[in-house]
1. Considering only the range 168-175, I want to know if a residue exists there that is hydroxyl-bearing (Ser, Thr, Tyr), touching a residue at least 24 places away in the same chain (Cβ under 8 Å) and surrounded by fewer than 20 Cβ atoms within 10 Å (Cβ to Cβ).
2. Restricting to the range 62-105, and then to whatever is aromatic (Phe, Trp, Tyr) and part of a helix (DSSP H, G or I), can you tell me which residue is modelled with the lowest pLDDT?
3. Considering only residues of the range 94-117 that are surrounded by fewer than 18 Cβ atoms within 10 Å (Cβ to Cβ) and without any contact (Cβ under 8 Å) to a residue 60 or more places away in the chain, which is nearest to residue 230 (Cα to Cα)?
4. I need the full set of residues from the range 142-159 which are surrounded by 16 or more Cβ atoms within 10 Å (Cβ to Cβ), more than 17 Å from the chain's Cα centre (by Cα) and under 18 Å from residue 174 (Cα atoms), in order please.
5. Residue check: is residue 39 touching a Gly at 6+ places or on another chain (Cβ under 9 Å) and surrounded by 18 or more Cβ atoms within 10 Å (Cβ to Cβ)?
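The values are calculated or read from the model by the stated rules, or taken from the named source; none is laboratory data. Quick caveat, the model's predicted, so the values are computed rather than measured. No Cβ is skipped: glycine too gets one built from the backbone with ideal geometry, and neighbour counts run over all protein chains shown.
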Amino acid sequence: MNQDMMTGSRAQAAESSFISRVFLWMSLGLGVSALASFGLMSQPELLKLVFTNSLVLIALVIAEIGLVIWLSAAIGSMSVSTASTIFLVYSFLNGVTLTSVFLVYTGVSVLTTFAITAGTFFFFSVYGVTTKKDLTSMGGLATMGLIGVIVASVVNIFLKSTMLYWISTFVGIAVFMGLIAWDTQKLKNIHASGFAGEEMEKKAVVIGALTLYLDFVNLFIMLLRIFGKRRD
């Protein structure tokens, strides 16, 4: 009995360590993004170059999408250092493009919304870790909802419908809450399935951090539509 308890305790400690490292890397990514945003805000000429030249902005967005696809598709064949570097470079570039929120919304409302996002993220992450319920079906629904939100957002570029804007916003918030819980639970399942060596575990930490980073940032953007106060 004691041996079983010790084995269970070690397994739980290993799982907690793995999930903690994922959150640490996610936080590091958010920190890099924040530094990139604040750094760009302090450089008026560079800021003007990024947000007045559509080609530069499009290139940044394409680079971000490319890095996410590359990391997600080739994580198994790349080294841990390469995967980590790609994640940090992506976080930096995303911070640059996210600087636009400081141009549109007041600093106080951005910080308030960030705090709300952090609290919401924490709640649904804890739920994902602690619940005994299998969230696979929730994850499937959230994924389908995400596709719907993306399609609606693209369509609304042309329709410019206020109603569609708000519907996609509230659906998007629900979608990312579900994804946060599901993606966090998946970390437990990934760890439980085991790793083919320490290097694969480190890669799983990086790709897990990227997934949660994307959930956090997208929830932040959705909540900003509600709580963000636009500059005069």
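1. Quick first cut of the range 168-175, residues hydroxyl-bearing (Ser, Thr, Tyr) only: 168-169.
Then drop every residue that is not touching a residue at least 24 places away in the same chain (Cβ under 8 Å), which leaves 169.
Filter once more, so that each one left must be surrounded by fewer than 20 Cβ atoms within 10 Å (Cβ to Cβ): 169.
Yes, that holds for at least one residue.
2. In the first step, residues of the range 62-105 are kept if they are aromatic (Phe, Trp, Tyr); the result is 70, 87, 90, 92, 102, 105.
Subset that is part of a helix (DSSP H, G or I): 70, 87, 90, 92, 102.
Numbers: 70: 97, 87: 98, 90: 98, 92: 98, 102: 91.
It comes out as 102.
3. Taking the range 94-117 as the starting set, the residues that turn out to be surrounded by fewer than 18 Cβ atoms within 10 Å (Cβ to Cβ) are 100, 102-104, 106-109, 111-112, 115-116.
Checking which are without any contact (Cβ under 8 Å) to a residue 60 or more places away in the chain leaves us with 100, 107, 111, 115.
Values: 100: 12, 107: 10, 111: 13, 115: 18 Å.
Going through the qualifying residues, I end up with 107.
4. Within the range 142-159, the subset surrounded by 16 or more Cβ atoms within 10 Å (Cβ to Cβ) is 142, 145-146, 149, 152, 156.
Then keep just the ones that are more than 17 Å from the chain's Cα centre (by Cα); that gives 152, 156.
Of everything in the range 142-159, just one residue is surrounded by 16 or more Cβ atoms within 10 Å (Cβ to Cβ), more than 17 Å from the chain's Cα centre (by Cα) and under 18 Å from residue 174 (Cα atoms), namely 152.
5. Values: touching a Gly at 6+ places or on another chain (Cβ under 9 Å): yes; surrounded by 18 or more Cβ atoms within 10 Å (Cβ to Cβ): no.
So residue 39 does not fit the description; no.
Every residue, every condition in (1) crowded, with 17+ Cβ neighbours inside 10 Å; (2) more than 30 Å from residue 174 (Cα to Cα), yes or no:
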{"position": "18", "(1), (2)": "yes, no"}
{"position": "27", "(1), (2)": "no, no"}
{"position": "33", "(1), (2)": "yes, no"}
{"position": "52", "(1), (2)": "no, yes"}
{"position": "56", "(1), (2)": "no, yes"}
{"position": "63", "(1), (2)": "no, no"}
{"position": "70", "(1), (2)": "no, no"}
{"position": "85", "(1), (2)": "no, yes"}
